[in-house]
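Participant: There's a structure below that I have some questions on.
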Amino acid sequence: MMKLRKELVGFLLLFGVFFLAGCLGPIILTEADNGTLEAIDVGVVILVRLSGNPSTGYEWQRTDTLLESILEPLPEGGCCGGSCGGDQVGSPSPSEFRFKAISSGTTRLEFVYQRPWEEEPIDMFSVIIYVR
C-alpha cells in the first residue's frame, strides 16, 4: 500500500511538472530555428521573433498560406518587451508574430525580409509546425 502511494505521488509530481511546463509561456522561434520542424501541442502559443531594422525600410512579411484551422494568428506583438530596440534612431528592432495552436495538423510559417516596393527579399525564414 505504501509503495502504491509513493508511485502515485511520483506520478502526480511528474504530471504537475509537465502541466506547468506548458503554462510557462510561448514557444519562441528565432532565426536559429529556420528550416526546422517544430512539434507542439494544441493550446500552445508560438512567438516568432525575427531581427530587423525597420528604419531601413525592410520589414518581415508573412508569405505562407497558413492553415488557420491549425494555427490562429494572434495580434502582433510589435517590438520585444515593449521596447522598440535601442534609444537611438536607426537601432535594430525585432519583429514579433504570435500564433496559437488550435487543432492537430501540419502547416508552414514563412516570412520574407524585404522592402515593400522591392521584388527580391534579402532574407527568408521558414518553419514547419506540427500540432499534435
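The values are calculated or read from the model by the stated rules, or taken from the named source; none is laboratory data. Quantities reported herein were computed from a predicted structural model and do not represent experimental measurements. Here the Cβ is made from the backbone with ideal geometry for all residues, glycine too, and neighbour counts use every protein chain on show. When the accessible area is computed, the model is the full protein with side chains, heavy atoms only, and any ligands, DNA or RNA have been set aside. Shrake-Rupley method; radii C 1.70, N 1.55, O 1.52, S 1.80 Å.
Participant: Going by accessible area, probe 1.4 Å, with all protein chains left in place, what is the ranking of LEU37, LEU74, LEU67, largest first?
Facilitator: Details: LEU37 120, LEU74 40, LEU67 80 Å².
Ranked from most to least accessible, the order is LEU37, LEU67, LEU74.
Participant: I'd like the Karplus ³J(HN,Hα) series for segment 94-109: coefficients 6.51, -1.76, 1.60, θ = phi - 60°, whole numbers in Hz, and an x wherever there's a Gly or Pro.
Facilitator: Taking θ as phi minus 60°, the curve returns x, 9, 10, 10, 10, 9, 10, 6, 10, 7, 5, x, 10, 8, 10, 10 Hz for segment 94-109.
Participant: Sticking with this structure for a sec: Please work out the FRET efficiency for the pair GLU118 and SER69, using the Cβ-Cβ distance as r and a Förster radius of 30 Å; give the result to the nearest 0.05.
Facilitator: Numbers: r = 33 Å, r/R0 = 1.09.
Computed FRET efficiency for GLU118 and SER69 comes out at 0.40.
Participant: Right, another one. Rank these residues by their accessible area, most exposed first, probe 1.4 Å: TRP117, TRP60. Please report the intermediate quantities before stating the final value.
Facilitator: Values: TRP117 180, TRP60 15 Å².
Putting TRP117, TRP60 in descending order of accessible area: TRP117, TRP60.
Participant: Go through segment 60-71 residue by residue and turn each phi into a ³J(HN,Hα) via Karplus (6.51, -1.76, 1.60, θ = phi - 60°); whole Hz please, and just put x for glycine and proline.
Facilitator: Per residue, the Karplus-derived 3J(HN,Hα) values read 7, 10, 6, 10, 7, 10, 3, 7, 6, 7, 9, 10 Hz.
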